[in-house]
1. Residue-wise, which Karplus ³J(HN,Hα) couplings in Hz belong to segment 47-61, taking 6.51 cos²θ - 1.76 cosθ + 1.60, θ = phi - 60°, and x for glycine or proline?
2. Which order do the peptides 163-172, 45-54 come out in when sorted by mean C-beta neighbours inside 10 angstrom, highest first?
3. Report, by chain and number, residues whose modeled amide H sits under 5 Å from the one on residue 117, excluding near sequence neighbours (fewer than 5 apart, same chain).
4. Roughly how many nanometres apart are two label points built 7 Å out from the Cα toward the Cβ at residue 104 and residue 91?
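Where a number appears in this text, it was derived from the coordinates with a stated rule and is not lab data. This is a predicted model, so every value here is computed, not measured. Heads up, the Cβs are rebuilt from the backbone with ideal geometry, glycines too, and the neighbour counts pull from every protein chain shown.
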Amino acid sequence: MSFTEALGQKATLVFIRFIVLLVLLLSTAPGFSSHYHGGEISYKYLGGTNYLVQVKALTDCGGIGPPTAMTLDYTSASCGLSGQVTLPLNNYISTPEICPSLTSQSNCNNGLGSLDGYYLSTYQGSLTLPKNCNDWVFSTEVCCRNYSDNVDNNPGGDYYIFSTLDNLNFTGNNSPVFPDVPNIYLSPNQLNSV
């Protein structure tokens with residue numbers, strides 16, 4: 001093989017690599033993530049060691065939709081017990097935290113708006129605990145929590161929420177329930193009323 005033939009093959013290989021790279025760069029698709037903002041775990045006593053448990057999760061409307069189920073872990077260190085229950089998606093609503101006249105500009109509007117909005121997803125199911133213990137912890141952890149400007153060195157990370165129950169000393173106990181969506185927007189350098 002002559003020098004010019006080898007050079008021609010090398011140039012062809014470089015050109016093919018360039019075309020493949022160009023096609024890959026021009027054919028990218030947008031990516032979406034879950035972006036969890038907050039949530040809560042609540043439980044209602046049903047009798048015996050039976051509870052109705054509920055997980056509420058608040059996510060960006062601009063991210064992906066909510067999963068169809070959420071895994072709830074339950075553990076008791078003093079009793080040496082743990083387990084999991086899968087809670088199905090029970091309800092899913094958008095909660096644009098803006099004035100009613102601006103809801104068409106919310107990103108809950110098919111992701112087309114420029115103003116923040118959130119999905120409130122509710123997962124609910126029954127849980128029968130193996131026995132009464134004084135240190136039950138109900139928890140869930142999913143990826144990915146939103147980056148937060150008000151928390152130092154927060155790169156996002158996992159979203160973890162928990163609730164506790166002592167059904168050994170306090171049988172028939174229910175958790176507190178917070179009825180409102182936990183979003184408050186305040187304008188900087190202005191008088192705000194909450």
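1. Each residue's phi maps through the Karplus curve to give x, x, 10, 9, 9, 9, 10, 9, 10, 10, 10, 10, 10, 4, 5 Hz.
2. 45-54, 163-172
3. Long-range HN contacts for residue 117: 61, 62, 107, 108.
4. Each label point lies 7 Å from its Cα, and together they span 2.8 nm.
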